[in-house]
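Heads up: the structure comes next, in structure tokens.
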Amino acid sequence: MLVSDIMTRSPRTVAPDTKLQEVASIMCLYRIPALPVVDADGKLVGNISEMDLLRNLLPTMEDIMAGEAALEIDRMQANYSESMPKRVEELMVKNPVSVTPEMHVLKATAKMTSHRFRRIPVTDDAGKLIGVMSLGDVHKCIFHSQVSSLV
């Protein structure tokens, strides 16, 4: 089975100049943990995740090592609010890992798990985003193939 057989086509995306407040709204409203970032031509240029948005809330390793891990919660929450007017391009992961629609599902899954991803963008040969594959898509595919073989 190929990635193209199970991927989600036309996934929600954001542009590099999208404000983080809009990204956070999309993630919370639709329960999407990460969004592909595409340019005006639909080319994949980055990825923005909930962890990218929440990173300012978490203490740094330096804070932990200095015994300051229990920093003021109010200050950390202010960091989150202060980051909302920023644009995606300021926090996104550039040049994200992706798979092709012609790749075998298990090979793509191995690539995902080696990077500890739950979702991975699917791009064509020109780098244009054409879909997203999730571990949920893989699980559903395997489940359906096993159930149908039992009937």
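We did not get these values from a lab; they are worked out from the coordinates using the rules stated. Just so it is clear, the model here is predicted, and its values are computed rather than measured. Here the Cβ positions follow ideal geometry from the backbone for every residue, glycine too, while neighbour counts run over all protein chains shown.
Rounded to the nearest 500 deg cm²/dmol, what is the calculated helix-only ellipticity per residue at 222 nm for the chain, with -39500 (n - 2.57) per DSSP H run of length n ≥ 4?
Result for the chain, helices only: -12000 deg cm²/dmol.
Give the lysines whose C-alpha is closer than 30 Å to that of K107, dropping any in the same chain fewer than 8 places away, or say none.
Result set, ordered by chain and number: K43, K94, K128, K140.
Pick out, from Y80, A66, L29, the residue whose Cα sits farthest towards the positive end of the charge dipole of the chain, with +1 on the Cβ of Lys and Arg and -1 on the Cβ of Asp and Glu.
L29
Please compute the Kirkwood hydrodynamic radius of the chain from all pairs of different C-alpha atoms, in Å with one decimal.
17.0 Å
On a 0 to 90° scale, report how tilted helix 20-30 is relative to the longest principal axis of the chain, with both axes built from alpha carbons and the result rounded to the nearest 10.
50 degrees
Against the longest alpha carbon principal axis of the chain, how many degrees, from 0 to 90 and to the nearest 10, is the axis of helix 135-150 turned?
The answer is roughly 30 degrees.
Using alpha carbons only, how many angstrom separate the centre of the stretch 103-151 from the centre of the stretch 1-25?
15 Å
Quote the charge dipole size of the chain about the Cα centre in Debye, to the nearest 20; the model charges only the Cβ of Lys and Arg (+1) and of Asp and Glu (-1).
Result for the chain is approximately 560 debye, rounded to the nearest 20.
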